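Data block below; observations after.
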Amino acid sequence: MKKITKAVIPAAGFGTRFLPVTKSVCKEMLPIVDKPTLQYIVEEAVAAGIEDILVITGRNKKILEDFFDYTPELDALLEQDGKSDFLKISREMENLVNMYFVRQKHPTGFADAVMYARAFTGDEPFAILLGDDIIYTDENTKPGIAQLVDCYYDTGKPAVAVMEVPDADIPKYANIRGEEIGERRYAIDKIVEKPAVKDKFSNNAVIGRYVVESDIYDIIRNTPPSPKGEVYFTDALQYLASQGRLMGCRFEGKRYDAGNKLEFLEANVEYALRDKELGAPFKDYLLELAAKLK
């Protein structure tokens, strides 16, 4: 079995849920404490052994490329001022991983964005990480995408990340039906995009982590479009499920929807509380604020 060393991050969306700031700032650059959301995704992939990452971007998103690039003016200034700690942070970005970028010509959905990765991944299996999903794991738990990679290695089948959601959230996600075949693993036989609550198979929803093989491109190409003219990635996954070739992995860790304003704020608060320098004083501030709000 081929080792998974490549990952694809679709990042061509407009970020309309965060207007007006996303009129001029990419949603992937919105910070959680002091890091843009995209950096958390990239670091998760790197921690899972990914060596090469392709980011699918769109118009007006060159800032994503610049962020991971060498910044000679900034580095020279930091070096001149003796700010070695900040210089280290700056240089970590350019040496983090091999980054590649390509533009999605038209904003026609997730499946179309994945098609732009064909030349990059070739005939290798690869990971897909969506930028709206931040998965926090502690030092004793493997990164979210690494858990899916393990599932792929163990079963030889493509895998999707799943989590349990309440009924109210069923229409927001792809929903799965499958047999639980081991701890946190499901053999999926049915997956549908955003069903009504009355039509749900379970409370297991798919979130933005996937491991697929190179045949996904031909599957997408042969998948009929929806009435809106868009090919849904979920429909391509259903083809795999119908062949008995799709696994679900209920990951360990906490997931934040960084495209949701409330969860974005929750992520900022909780990551700040975990920070070695910010954690204690920020906790004191929150306790003081909470006391005033009573």
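Observations
- When Tyr186 is tested against (1) at pLDDT below 95; (2) assigned to a strand (DSSP E or B), only condition (1) is not met.
- Pick from region 49-66, criterion among the basic types (Lys, Arg) and either more than 24 Å from Phe120 (Cα to Cα) or touching a residue at least 40 places away in the same chain (Cβ under 8 Å) (or both), ranking: surrounded by the fewest Cβ atoms within 10 Å (Cβ to Cβ): Arg59
- Residue match in region 90-109 (condition: assigned by TED's automatic domain parsing to the domain that holds Val25, among the acidic types (Asp, Glu) and farther than 30 Å from Arg250 by Cβ): yes
- The listed residue being under 21 Å from Ile9 (Cβ atoms) and in contact with a Leu (Cβ under 6 Å, 6 or more places away or on another chain), out of Ala174, Ala159, Ala236, Ala205: Ala159
- Residues in region 67-101 that are in contact with a strand residue (DSSP E or B) (Cβ under 6 Å, 6 or more places away or on another chain), in contact (Cβ under 8 Å) with a residue 40 or more places away in the chain and within 26 Å of Thr22 (Cα to Cα) were compared, and the one that is surrounded by the most Cβ atoms within 10 Å (Cβ to Cβ) is Met99.
- Of all the criteria given as (1) surrounded by fewer than 17 Cβ atoms within 10 Å (Cβ to Cβ); (2) under 27 Å from Leu148 (Cα atoms); (3) among the basic types (Lys, Arg), the one not satisfied by Arg255 is (1).
- Residue check for Asn204: surrounded by 18 or more Cβ atoms within 10 Å (Cβ to Cβ), without any contact (Cβ under 8 Å) to a residue 60 or more places away in the chain and either closer than 26 Å to Pro143 by Cα or out of contact with any His (no Cβ under 7 Å at 6 or more places or on another chain) (or both): yes
- Entry remark, region 44-100: residues being assigned to a strand (DSSP E or B) and charged (D, E, K, R) number 1 in total.
- When region 101-129 is filtered for residues that are outside any strand (DSSP E or B) and under 17 Å from Ile4 (Cα atoms), the ones remaining, listed by number, are Val114, Ala117, Arg118, Ala119, Phe120, Thr121, Gly122, Asp123, Glu124, Pro125.
- If you filter region 1-48 down to residues that are at pLDDT 95 or above and among the acidic types (Asp, Glu), you find that the one that is surrounded by the fewest Cβ atoms within 10 Å (Cβ to Cβ) is Glu43.
The values are calculated or read from the model by the stated rules, or taken from the named source; none is laboratory data. The model shown is predicted, which means the values in this text are computed figures rather than measured ones. Backbone-built Cβ (ideal geometry, glycine too); neighbour counts: all protein chains shown.
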